[in-house]
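Q: Sharing a structure below in structure tokens format, with a few things to ask.
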Amino acid sequence: MNKPQVILFGSIGIVIVLAILLILGVIPGLKQNVSSASADMLLWDFGSSPEIWTQTIGVYKAANPNINITYVQKDPNRFEEELLNALASGKAPDIWTIKQSWILKHKDKIFPFPEVSLQFSKTDYQRLFADTSFSFIQDKQIVALPTSVDTLALFYNKDIFNSENIPNPPSTWDDMLAVVKKTTKRSAVGNIIQGGVAMGTIKNINHGVDIVSALLLQNGNSILDPENKTSDLGNQESSNAIEFYRSFSDSGKKNYSWSDEMPSSLDAFAGEKVSLVFGFSTDYPLIKAKNPRLNFAIAALPQQNDSTIKTNYGVTTGLTVSRNSKNPLEAWRFILYATTDPTAIKFYLNGTGKPPAYRPYVNADILPPYGEVFQKQVLSAKSWLQPDEDKVSSVFQNMIQSARGNASSINQVAGSAAGQLEQMLVP
């Protein structure tokens, strides 16, 4: 046998040995994802490219030829409604994408993760995933596995900054006040021509509830405790955060830089009508699509001036299994693969541009350049469980609106909002 033949057969032998060791579980990787069962399952997702799941399902099926997974992409604006209708009719998908804000509403519709059968515990979960995704553990059970943690960041117009000779984006809220003062432009009668920052209202600010939530969390509030059914919105720290937020839309305040008459914050930013807005990584392509020539950049969420510990804000998205699935074990086995296998995670991150929930990848060079800021905030991100997005938005809008022009009543307004949040937890 000549030397090339020796190398060829030796390489083949090594591949065969590695494959056997992987399947046997001697080398970690495939064992927990290989099943001898047969199953036909349906996966519903929204907001992701179909290629992500085509790739992921294809690789998984190569190791599990008896598992068939059909992927269906849904309209994100109708997803929850269609899901509820499908659950009611007994035609729900086995696997579906779930937002963090849906957990409290829909946890009774979920088949909990089988820790013993799949040899993956809550301790494993907490070791592998970012802290803010721990809300997917409810009533001492894992109810979803996270695919991403998107974080709130600061988008700034570089042309406006350059025009005002501002060299760097603000890193603290006090820094931001100085930028707002320089970049807010008003007409002779006091109307805002160019906003400094999109803050102070809810209805015309994208992610207004998230911005207020970030301020509250940075001020030490937990906002709502679902286990004890209590809210701490009525304390002084909450009042300080609410007063700071609303001051940007109060014409009688020095921070005044935004009004109800402005368009939505992202539209205003794309139209160069405001220098600063807050957004998530998913907003970047939307802004680029609105104005491809816009000269803008992204900076980290501003922090409290005296804080030595960073507190950022994040929202988790994950995958879960319907309670009435005929193949819950196999559905969870696939989700475990999709959220913990390095190759599958890369498919997802490359296809969505979202920051990873998977701790080993929080510093990995996987995302496009614009994603770096969002990715670096994942581990320091906090969040809270909203009982109902629409109802919470209404409560926050009323709270901010009622507090405007009447600072002395902010405690009372915040206390009323706390009571409304607590009432949402009552069965």
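The values are calculated or read from the model by the stated rules, or taken from the named source; none is laboratory data. In this text, all values refer to a predicted model and were calculated from it rather than measured experimentally. All Cβ positions, glycine included, derive from the backbone under ideal geometry; neighbour counts span all protein chains shown. Note: areas computed on protein heavy atoms with side chains; ligands, DNA, RNA excluded. Shrake-Rupley method; radii C 1.70, N 1.55, O 1.52, S 1.80 Å.
Q: If you take every residue apart from Asp131 with its C-beta less than 12 Å away from the C-beta of Asp131, what net charge results, scoring Lys and Arg +1 and Asp and Glu -1?
A: Around Asp131, the surrounding residues sum to +3.
Q: Next question. Return one quarter of the surface area of the convex hull spanned by the alpha-carbon atoms of the stretch 164-216, equal to its mean projected area, in nm².
A: For the Cα atoms of the stretch 164-216, the hull's average projected area reads 4.6 nm².
Q: Hey, what's the chain come to in accessible area per residue, 1.4 Å probe, Å²?
A: About 46 Å² of surface per residue is accessible.
Q: Now for a different question. Using a 1.4 angstrom probe with every protein chain in place, what is the largest-first accessible-area order of Met199, Met262?
A: Correct descending sequence by accessible area is Met262, Met199.
Q: Sticking with this structure for a sec: Please list the radius of gyration and Dmax for the chain, considering alpha-carbon atoms only, with Å as the unit.
A: In order Rg, Dmax, the Cα atoms of the chain give 24.2, 93 Å.
Q: May I pose another question? Give me the percent relative contact order of the stretch 188-286, please, defined on Cα pairs under 8 angstrom at least 6 residues apart.
A: Once normalised by length, the contact order is 40 percent.
Q: Send over the Kirkwood Rh of the stretch 177-249, from the inverse of the averaged 1/r over different Cα pairs, rounded to one decimal Å.
A: In the stretch 177-249 this quantity evaluates to 13.8 Å.
Q: What angle, in degrees between 0 and 90 and rounded to the nearest 10, separates the Cα long axis of helix 236-246 from the longest principal axis of the Cα atoms of the chain?
A: The angle comes out at about 80 degrees.
Q: With r defined as the distance between the Cβ atoms of Val426 and Gln236 and R0 fixed at 35 Å, what FRET efficiency is calculated, to the nearest 0.05?
A: The formula returns an efficiency of 0.85 here.
Q: Once you've got the Cα coordinates, tell me which of Lys182/Lys354; Lys61/Lys382; Lys99/Lys346 are over 24 Å apart.
A: Over 24 Å apart, Cα to Cα: Lys182/Lys354; Lys61/Lys382.
Q: In a shell of Cβ-Cβ distance under 15 Å around Glu272, excluding Glu272 itself, what net charge do Lys and Arg (+1) and Asp and Glu (-1) give?
A: The answer is +3.
Q: With N denoting the number of residues in the stretch 24-125, provide Rg(C-alpha) divided by 2.2 N^0.38 Å, to two decimal places.
A: Ratio of Rg to 2.2 N^0.38 Å for the stretch 24-125: 1.21.
Q: Please grab the % of Cα pairs in the stretch 282-427 that end up more than 19 Å from each other.
A: More than 19 Å apart: 70 percent of the Cα pairs in the stretch 282-427.
Q: Round to the nearest 10 and give me the degree value, 0 to 90, for the angle of helix 389-403's Cα axis relative to the longest principal axis of the chain.
A: 20
Q: Using only the Cα atoms of the stretch 32-89, what do you get for the radius of gyration and for Dmax, in Å?
A: According to the Cα coordinates of the stretch 32-89, Rg and Dmax are 13.3, 37 Å.
Q: Something else now. Looking only at the stretch 69-102, which residues have a backbone nitrogen under 15 Å from a spot 7 Å from the Cα of Arg323 in the C-beta direction?
A: Answer for the stretch 69-102: 84-93.
Q: Here is a further query. Compute the whole-percent fraction of alpha carbon pairs in the stretch 80-168 spaced more than 18 Å apart.
A: In whole percent, the long-distance tail amounts to 59.
Q: Summing +1 for each Lys or Arg and -1 for each Asp or Glu, what net charge is found among the other residues whose Cβ lies under 12 Å from the Cβ of Asn363?
A: It works out to a net charge of 0.
Q: Next question, about the same structure. What residue among Ala297, Thr184, Ser416 has its Cα farthest toward the positive end of the dipole of the chain, where the charges are +1 on Lys, Arg and -1 on Asp, Glu, each on the Cβ?
A: With unit charges placed on the Cβ atoms, the residue in question is Ala297.
Q: Right, next: Return the carbon/sulfur percentage of the accessible area of the chain, one whole number, probe 1.4 Å, all protein chains in place.
A: 52
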